[in-house]
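Q: Here you go, one structure.
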Amino acid sequence: MDPLREYMRRTLEPHTNALSQALAAAWRPHAEQISQIVTETLLPRVEGYYQERLRLLADAWRPAFSRLWEQMAPAMADLQRWIEEQLPPNWQDADIEYGKIEEIVSRDSIPLVWVPRADIISAIMKVDSRDERVAILVDRGAEIAEDCLAVLDEIHQEDLLTRADFARKAIAAWRDGHIEAAQVLAACVTEALVTRYIGKPSDAVEHATIDWGELSLRRLKWAAAIGPLLQFYARWWPDKGEPPLTTLSRHVSVHAPSAQQCTPENCTIAVMLLTSLLRTMQEMLHEQQRREKEHADH
């Protein structure tokens, strides 16, 4: 098992349950078992003074650990809130298999952050091939379009408003069946967004090349958001006779659009990617502004 998956398994799953409740449920049987051992096993073997002391000890177990838990509960609740803040909100109610995240976002180039909704994520986590996952996205395209529009409504950074408006136009074209127009527009705006906030394609590829085994929880959301850029910027050399890429490609979408490139599958992913990156960049800008304000205040 890879380090990221093992770390997530030990610390987060199942993240839909309250961490404090899970720990309490895990501890109570042990406390009751200890009390039962003292009462049923030790007490019959001692007499007089020691028997009375053990009885008192047994009676003290439950209230003592209850008080301990009451003291721990606020800290555990804070930890739970911190963990939830590090995860994308659309993961909160999804059945996440953390060992599949790298495969889905980096190899399959399927966005997972901010969109789509939790039950769609759960569905694509349950299958093991890219074809199956992309088929789910196409089948649930109407819901994904709604998810994207809802996320775009959260965009309020002035620098992002025009691009968010173009994303809405791409969604409108997609909904009207103009997948070629929607995909090319989404790819162009994604390119402009990446150039503005990450850098040239080689910079984007460098950022999207992630050591998932060493990834911290704090960086997981960012890594999963930019992971699809790895395939989006896959190299293609037409002058060398290479066939055009069939998965979503910035190069092919912009410079050599074709029926093989402009497909319902690629259009869906292109709109999802643009939406996901826009919301991610807003969070990045918000964090930068917060730090600058704190610096100015001090």
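Q: Cβ-Cβ below 7 Å, separation at least six or inter-chain, first residue in the range 131-160 and closer than 15 Å to LEU273 by Cβ and charged (D, E, K, R), second open to solvent by less than 60 Å² (accessible area, probe 1.4 Å) and at pLDDT 95 or above: which pairs?
A: Filtered contacts from the range 131-160: ARG133/ILE104; ARG133/ASP108; ARG133/ILE110; ARG133/ILE124; ARG133/VAL127; ASP147/VAL115; ASP147/PRO116.
Q: Please note which helices (runs of 4 or more DSSP H) are completely contained in the range 193-298 and include at least 1 residues that are open to solvent by 30 Å² or more (accessible area, probe 1.4 Å), touching a helix residue (DSSP H, G or I) at 6+ places or on another chain (Cβ under 6 Å) and among the acidic types (Asp, Glu). Outline the logic, then answer.
A: Working: elements: 201-208, 217-226, 229-232, 250-255, 264-297.
Hits in the range 193-298: 264-297.
Q: A further question follows. What tally of residues in the range 139-170 results from selecting those that are in a helix (DSSP H, G or I) and over 21 Å from ARG196 (Cβ atoms)?
A: To start, the set of residues in the range 139-170 that are in a helix (DSSP H, G or I) comprises 139, 141-152, 158-170.
From what's left, over 21 Å from ARG196 (Cβ atoms): 139, 141-147, 149-150.
Residues meeting the conditions: 10.
Q: Another question, if that's okay. Given the conditions (1) at pLDDT 95 or above; (2) under 24 Å from the mean Cα position of the chain (by Cα); (3) open to solvent by less than 80 Å² (accessible area, probe 1.4 Å), report the number of the one that VAL184 does not fulfil.
A: Checking VAL184 against (1) at pLDDT 95 or above; (2) under 24 Å from the mean Cα position of the chain (by Cα); (3) open to solvent by less than 80 Å² (accessible area, probe 1.4 Å), the one that fails is (2).
Q: Just to verify a result, which residue in the range 65-95, among those that are more than 30 Å from MET284 (Cα to Cα) and either in contact with a His (Cβ under 8 Å, 6 or more places away or on another chain) or surrounded by 12 or more Cβ atoms within 10 Å (Cβ to Cβ) (or both), is modelled with the lowest pLDDT? Working first, answer last.
A: Step one: of the range 65-95, the residues more than 30 Å from MET284 (Cα to Cα) are 65-73.
Applying the additional criterion that residues be either in contact with a His (Cβ under 8 Å, 6 or more places away or on another chain) or surrounded by 12 or more Cβ atoms within 10 Å (Cβ to Cβ) (or both) yields 65-66, 68-69, 72-73.
Values: PHE65: 65, SER66: 70, LEU68: 70, TRP69: 69, MET72: 72, ALA73: 73.
In this case the residue turns out to be PHE65.
Q: Here is a follow-up. If you scan the range 96-105, which residues turn out to be under 13 Å from LEU220 (Cβ atoms) and either open to solvent by less than 20 Å² (accessible area, probe 1.4 Å) or assigned to a loop (DSSP other than H, G, I, E, B) (or both)?
A: The answer is ILE96, TYR98, ILE101, VAL105.
Q: Look through THR280, THR247, THR209, THR195 and report the one residue that is of a type outside the set (A, V, I, L, M) and under 22 Å from ALA142 (Cα atoms).
A: Answer to the check: THR247.
Q: Still on this structure: Just give me the residues in the range 124-167 being acidic (Asp, Glu) and surrounded by 18 or more Cβ atoms within 10 Å (Cβ to Cβ), in sequence order. If you could, list the steps in order and put the result at the bottom.
A: Going through the range 124-167, the residues acidic (Asp, Glu) turn out to be 128, 131-132, 139, 143, 146-147, 153-154, 158-159, 165.
The answer is ASP147, and nothing else.
Q: Now for a different question. So is ASP108 acidic (Asp, Glu), crowded, with 20+ Cβ neighbours inside 10 Å and at pLDDT 95 or above or not? Explain how you work it out, then say what you get.
A: Details: acidic (Asp, Glu): yes; crowded, with 20+ Cβ neighbours inside 10 Å: yes; at pLDDT 95 or above: yes.
Against the criterion (acidic (Asp, Glu), crowded, with 20+ Cβ neighbours inside 10 Å and at pLDDT 95 or above), ASP108 qualifies.
Q: Within the range 270-277, is there a residue that is among the small types (Gly, Ala, Ser) and farther than 20 Å from ALA192 by Cβ? Before you say what the answer is, go through the steps one by one.
A: Going residue by residue through the range 270-277, those that are among the small types (Gly, Ala, Ser) are 270, 276.
Filter once more, keeping what is farther than 20 Å from ALA192 by Cβ: none.
The answer is no, given that none of the residues of the range 270-277 is among the small types (Gly, Ala, Ser) and farther than 20 Å from ALA192 by Cβ.
Q: Which pairs have Cβ atoms under 8 Å, sit 6 or more apart or on different chains, and link a residue in the range 176-190 that is of a type in the set (S, T, N, Q) to one that is open to solvent by 60 Å² or more (accessible area, probe 1.4 Å) and modelled with pLDDT under 95?
A: Listed by first residue and then by second, the contacts come to GLN183/PRO257.
The values are calculated or read from the model by the stated rules, or taken from the named source; none is laboratory data. Since the structure is predicted, the reported quantities are computational estimates derived from the model, not experimental observations. Using ideal geometry, Cβ is built from the backbone for each residue, glycine included, and neighbour counts are taken over all protein chains shown. Remember, those area values only see protein heavy atoms, side chains included, never the ligands or the DNA or RNA. Shrake-Rupley method; radii C 1.70, N 1.55, O 1.52, S 1.80 Å.
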